[in-house]
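Take a look at the structure set out below.
Just so it is clear, none of the values below were taken in a lab; they were calculated from the coordinates. What you see is a predicted model; the values in this text were computed from it and never measured. We place every Cβ from the backbone using ideal geometry, glycine too, and count neighbours over all the protein chains shown.
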Amino acid sequence: MNPHTHFLFPFVLGLLFTKLGFFSWELALLAGIIGAFVDMDHYIEHILHSKKNRFSLKSTWNNSMKYHTFRQRSFIHDTNGAIILGFLFIILSFFWWQIALSFALGYYSHLLLDKIHLRKKQFLGRKNLHLYIHISYEEFLLDVLLVIFLGSYLLI
Ligand SMILES: [Zn+2]
C-alpha cells in the first residue's frame, strides 16, 4: 500500500473512536502519522544495504515500488517486531493508554494493510518525475471510501 493509504486508514479509524467518545482528533492524527511512518524502516534498510544512492529517498521509493533489489522491510514488519512492539505498547498503556492505543492503531493497521496488499491489477501504474507509482483498484476503492468517510465526518 502507498503512504497515503497507510495514513488515511488509521486516521479514519481514530476519528471513528473520536465519535465514540474515547479518543481525540489529535490522537487520530497521531495514529495516521504512525501508520505512514512505519515504512521509514525502508529508508534505514536502504541506507544500510544499498550499493549506490544510499541516502536518496527517490532511490528508496523506486526500489520499494519496482526494483526490489533487496528486502527493505526491517523486523518491525515481521511477527517478532509485532510482538516486541506490542509489549512496548502494553507498557506505555500503563502510563498513557490513549497514546498507546494511538500507536497501536497506526502500527497494527499498517501491518494489516501490508498483509492484504497482494499483486493486483493496477488502477494506476506509471513513472512520473522518475518515481514509479502503483495503485491497485482495491487500494483506490479503499482510498475513495476513506475520503468519503472523512468528508462526512467533517460535515457532520
Ligand atoms: Zn509497510
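Net charge of the neighbourhood of HIS4, taken over other residues with C-beta under 14 Å away and scored Lys/Arg +1, Asp/Glu -1, is -3. Sparsely packed loop sites in region 13-88 (the chymotrypsin sites (Phe, Trp or Tyr not before Pro) outside DSSP H, G, I, E and B with at most 14 other Cβ atoms within 10 Å) comprise PHE22, PHE55, PHE70. In a DSSP loop and with at most 15 other Cβ atoms within 10 Å, the chymotrypsin sites (Phe, Trp or Tyr not before Pro) in region 89-156 are PHE94, PHE95, TRP96. A Cβ-based charge dipole, computed about the Cα centre of the chain with Lys and Arg at +1 and Asp and Glu at -1, lands at about 740 debye.
Sorted from greatest to least, the principal axis extents spanned by the alpha carbons of region 1-153 come out as 47, 35, 23 Å.
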